[in-house]
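Structure, as structure tokens:
The values are calculated or read from the model by the stated rules, or taken from the named source; none is laboratory data. Since this is a predicted model, take the numbers as computed values, not measurements. Neighbour counts are summed over all protein chains in view; Cβ atoms, including those assigned to glycine, are modelled from backbone coordinates with ideal geometry.
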Amino acid sequence: MLISAQVMGWVGVILYLYLMFSFRKMAKRNEFAFLHIILAFIYAMWIPLPLAFNKLLDSEFIQVGNIFGLVYLVMILITMTLQAGHISYIVKQEVNSINENFSNYLMATLSAPFESFANILRCIWALFIGISFVTSDEILMASLMFFYSLLIIYYVMLMLNTCLVKGVRVFSKFKPNFVFTNLETFIFFIILICYMSFTS
């Protein structure tokens, strides 16, 4: 179980690095649908991680937290796949044949606040992982996970800014930043995969 999760985890990391270095080329070719499919595949590779951490950390906290982790991974997998289909369809059609407002509506439905809510679940997952590390006296890993759990503030603000009909000035200051989100997500999973690889 752990070896399989490690191999799949590192496959996901390698694919993520590939996307980082080839993003500009894909963007020039308008291959955003393909990019989203690769992202979906990456998250599919990381689905075993919560199950692997059940083996690594003998704690009731990790068992509860991993439920949030699994739901998060499945949600991101679903939204990336749906976004890929939507983008592919839009790109292949003539520009004037599809109403731009309808296209934006679909993209907003498939991304925000769906992705923001999923990331909130990831922050809750990080909190439970952190508590589990505290009970195992692994303070460094606990501190890293507690730091990631604080990002829940950012994602809650993004979700509220999207959902509230009457905007709140404080919430409007929080803007989606796909570079930040992808980078912090990548580092989060690197930490988990490195821990699993070097301590199991």
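Things worth noting here:
- Criterion: at pLDDT 95 or above and in contact with a Leu (Cβ under 9 Å, 6 or more places away or on another chain) - qualifying residue of Ile14, Ile42: Ile42
- Hey, Leu82 at pLDDT 95 or above and surrounded by 15 or more Cβ atoms within 10 Å (Cβ to Cβ) or not: no
- From Leu51, Leu35, residue being under 30 Å from Glu138 (Cα atoms), modelled with pLDDT of 90 or more and out of contact with any strand residue (DSSP E or B) (no Cβ under 7 Å at 6 or more places or on another chain): Leu51
- Of all the listed residues (Gly12, Gly85), the sole one being touching a residue at least 24 places away in the same chain (Cβ under 8 Å) and within 30 Å of Thr135 (Cβ to Cβ) is Gly12.
- Among the candidates Trp10, Trp46, residue that is crowded, with 18+ Cβ neighbours inside 10 Å and under 17 Å from the mean Cα position of the chain (by Cα): Trp46
- Those residues of region 109-136 which are more than 19 Å from Val64 (Cα to Cα) and assigned to a loop (DSSP other than H, G, I, E, B), in sequence order: Ser111, Ala112, Pro113
- The requirement of being at pLDDT 90 or above, touching a Cys at 6+ places or on another chain (Cβ under 8 Å) and outside any loop (DSSP other than H, G, I, E, B) is fulfilled somewhere in region 155-172, by at least one residue.
- Qualifying residue in region 108-130 (condition: at pLDDT 95 or above and charged (D, E, K, R)): yes
- Any hit, region 55-72, residues being farther than 19 Å from Ser197 by Cβ, in a helix (DSSP H, G or I), at pLDDT 95 or above and out of contact with any helix residue (DSSP H, G or I) (no Cβ under 7 Å at 6 or more places or on another chain): yes
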